[in-house]
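What follows is a single structure, written as C-alpha cells, with notes after it.
The values are calculated or read from the model by the stated rules, or taken from the named source; none is laboratory data. The structure presented is a predicted model; accordingly, all values stated were derived computationally and were not measured. Cβ coordinates were reconstructed from backbone atoms using ideal geometry, including for glycine residues, and neighbour counts include every protein chain displayed. Protein only, heavy atoms only, side chains kept; ligands, DNA and RNA dropped before computing areas. Shrake-Rupley method; radii C 1.70, N 1.55, O 1.52, S 1.80 Å.
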Amino acid sequence: MNSQLPNSFRSGPDDRGHFGIFGGRFVAETLMPLILDLEQAYADAKADPAFQREMNGYLKDYVGRPSPLYYAERLTQHLGGAKIYFKREELNHTGSHKVNNVLGQIMVARRMGKKRIIAETGAGQHGVATATLCARFGLECIVFMGAVDVERQQPNVIRMEMLGATVVPVQVGARTLKDAMNEAMRDWVTNVADTFYCIGTVAGPHPYPMMVRDFQSIIGVETKAQMQEVEGRLPDSLVACIGGGSNAMGLFHPFLDDPSVEIFGVEAAGHGLTQLHAASIAGGRAGVLHGNRTYLLMDRDGQIEEGHSISAGLDYPGIGPEHAWLHEMKRVQYLSATDDEALEAFKLLSKLEGIIPALEPAHAIAKVMELAPARPADHLMVVNLSGRGDKDIPQVAEILRKGKG
Amino acid sequence: MTTRIDTRFKALEAEGRAALVTFLMAGDPDLKTSLDIITALPAAGADIIEIGMPFTDPMADGPAIQAAGIRALKAGTTLHKTLDMVAAFRNGDATTPIVLMGYYNPIFIYGVDQFLIDAKQAGVDGLIIVDLPPEEDSELCIPAMRAGLNFIRLATPTTDDKRLPAVLANTSGFVYYVSITGITGSASAKSSDVGAAVARIRRHTKLPVCVGFGIRTPEAARDIARHASGAVVGSALVDALKASLDADGRATPKTVSAVADLVAALAQGVRGAKQAAE
Ligand SMILES: Cc1ncc(COP(=O)(O)O)c(C=O)c1O
C-alpha cells in the first residue's frame, strides 16, 4: 500500500543505533569508549545461551514470571465494549515491569566486571528494582531522584534505602526525572571506569534503547503465547502508558509486524495539552537530549522544557527514539490522558477489579475507558498494567483529601 | 583553510609560549555585561576566547557552569543573541579567535546550515560540541569543516591509543584534552599525568593540544602551560564573576574587572611557563 513502509517494523536500530532519524549516540567523548564496550558486551551476552538460561532462571524464580494475562471481567462489563485483558506486570517482584530490564542490565554489568551501579528514577520503581537486584548480587547502588519525586514517592525512597541503596535527591532544575537523569550522567562521566549506568527506560545512547527493549519484550512475547492459549488468536489492540516508553515497547515490539493489531501508547497530558504536560509526541518535536535524538518538549531556541504529570514515572519531556520512529511510521498511535482522567481510572480500577494500579498505567486505563466502548464485544484488548499503586497511595490520598476539603 | 585559531597558534609558537584559553558563558549575568567582559579579555591576556552557549541540560558541567547557564537563560540569552554578541565583539577585534562551546540541541533546532552561515558571518572560528563524538560527525562536524569553521574535539583519559585516530580524524584548530574523567569544575589532574597524556596525543597529531578541566590558579595554569599548547580556564572565571554579583545575581561595577583581573593573573602564569622551562 505504502511503498515507504519498511519490510519489518522490528529490524531496527541500524548499526549506528538509528531508528530512521532517531536514536544515535550523542554523548561526551569520555563515555564513548564505554558505550562501545557495552554494545560489544551486550552482543556477546545475547549470543550466549548460558546468559539466556541464567536470565530465564531468575525471571522465573526471582521475578515470578510469566506474569498472568487476566480477563478484566468487571471492567469489560462496565465499559460495555471490547473484551479487556490485563498483562499483570504489577505482580512482578518489586511491583512493576521495571525489574525485567534491570535484571538483564545487572547481568550484563556483572559480565563487564562493574561493581558500582547507578540509576535514575522518577516514580522510584526503577530505583527500587535496581536497588533490589544490587542487593541480590552484592553490588553498590546509587539512585538519583529529583527532590520533588523524593517527596511524592516516599514509600519507594524508604524501600530503596532498606535495600541498601543510596538515594541522592537532585536539587537542580524542576527536580524531577530529567534532572535525575542529568545527574546520573554526570556521575557516570566522573566514575566511568568502575560504574555501570542502569538506564530505566528505552532511551539514552545506543545500545540502551535496543537493549532495554529486548529485555522488556518478554512482556509481549508472553502476551502473544497467553492470548493464543486462551483465545486461540492474536489480540486486536494493545494499550500502554508511556514515560520513556519501556513497558509500552516491551508489550508492542513482538506485535509490530502483525498488521491486524492496533497499537496505542498513552502519554501524560498533565493539566491538558495546552498547559503543563509531559506528552512529547503530542506537544514536542525532534531534538537531541540524553544521548539520543527523539521527540522532546522544548522552546523555540531548543531549550528543554519541564514535563508535568501527576505521575512521577511519566514526568519526562522526552520519549524513547524507537517510539518517535513508530509514530512517524504511523505504526503506533500516540494518545494522551490528563491527570484528572488518570485519577478517575485509578479510582475505577481499584473499586471494580480490586487492583490498585500505579498512576502510570492508570493513564493507559483512562484511554481504555474511551477505546473499549467504541469497539465490539469480540475485540480483544490488552492493557499493560505496568505497576501497582502502593507507592502512590499517600499521594493520591492527599489529592483526594484536598479535593474534598 | 586557515582560521584565526591557526594564525594565533603560529604566532604563539613564534613567541615560544602557550595560550591562555578562557571560558565564560554567553549572557552571564546579562548580555551587555557579558559583551563588556569578553571585550576586556584580550587586553587582560586571553589568547583564545571560548564562549558557552547556554543550555538547560548541561550534562557534562558542574554546579558553577550549570548556574552560569541558568543565569544566562534567565537574562534572555538565545543562540541568536550569542551570535550577535560575537559579531559585536568582532567589530572591535579582528584577530582574537572565538570558539563557541556547548551542546548540540540548540544548534540542531536553529538549523545546522543556517547556524554555520550565521556563525561564520558573526566571526566565530571554532566549535566545541560536548555531545557530538566522532560517531556523529555527519551531524555538524563535517558541515562545519566545509563552512570553514574548526571543529575542536575533546580527547579524554578514556580515549585510548586505539580510539585517538578516530577522535583526531576530523579535528582541526586544536585538540582539547579533558584532563580528568568528570564534569567541569571538579577535580584537577596531576601535572605529570597531564604531561604524559599530552605527549601521547602529540604522537598522533601535529595539532596544538590545549588542556582544561580543574585549572583554577595562575600556578596551575603555569604547570599546564609547561606541557601543553594552551591552558583552558572556565569554572574559576565563572566563580569570580559570580562572586562579583549582587544579592539578586545582577552585575555590579566590579564584575568586569573581577574577571579581567583573574585573567591577567592567569596570563602571567601561562607566560611564565616557558621561561621556567628554559
Ligand atoms: C509502573 C510504571 N509504569 C510506567 C512507567 C513509565 O516508564 P516506561 O514508559 O519506561 O514504561 C513507570 C516509571 O517509573 C512506572 O513506574
Within the stretch A:121-160, the count of residues that are open to solvent by 20 Å² or more (accessible area, probe 1.4 Å) and within 13 Å of the ligand (Cβ to nearest atom) comes to 3
Restricted to the stretch B:186-204 and to residues being within 15 Å of residue A:189 (Cβ to Cβ) and open to solvent by 40 Å² or more (accessible area, probe 1.4 Å), the residue farthest from the other protein chains (Cβ to nearest Cβ) is B:187
Verdict on residue B:138 being out of contact with any helix residue (DSSP H, G or I) (no Cβ under 7 Å at 6 or more places or on another chain), at the interface with chain A (Cβ under 10 Å from one of its Cβ atoms) and of a type in the set (S, T, N, Q): yes
Which of the residues spanning the stretch A:60-89 are open to solvent by 10 Å² or more (accessible area, probe 1.4 Å), within 27 Å of residue A:232 (Cα to Cα) and part of a helix (DSSP H, G or I)? A:60, A:73, A:74, A:76, A:77, A:78, A:79
Would you kindly identify the strands (runs of 3 or more DSSP E) lying entirely within the stretch B:18-110 that contain at least 1 residues that are among the charged types (D, E, K, R)? B:48-52
Please determine, by comparing only the residues of the stretch A:269-315 that are polar (S, T, N, Q), open to solvent by 10 Å² or more (accessible area, probe 1.4 Å) and closer than 30 Å to residue A:398 by Cα, which one is farthest from the ligand (Cβ to nearest atom). A:274
Which residues, taken from the stretch A:300-347, are within 19 Å of residue A:248 (Cβ to Cβ) and without any contact (Cβ under 8 Å) to a residue 12 or more places away in the chain? A:330
Residue selected from the stretch B:34-68 under the condition closer than 15 Å to residue B:84 by Cβ and open to solvent by less than 30 Å² (accessible area, probe 1.4 Å), by the criterion farthest from the other protein chains (Cβ to nearest Cβ): B:38
Output for the stretch A:47-64, where each listed residue is among the hydrophobic types (A, V, I, L, M, F, W, C) and touching a residue at least 40 places away in the same chain (Cβ under 8 Å): A:51, A:55, A:59, A:63
Given A:285, A:293, which one is out of contact with any helix residue (DSSP H, G or I) (no Cβ under 8 Å at 6 or more places or on another chain), under 25 Å from residue B:133 (Cα atoms) and either within 12 Å of chain B (Cβ to nearest Cβ) or acidic (Asp, Glu) (or both)? A:285
The stretch A:206-265, subset in a strand (DSSP E or B) and of a type in the set (A, V, I, L, M, F, W, C), residue farthest from residue A:331 (Cα to Cα): A:241
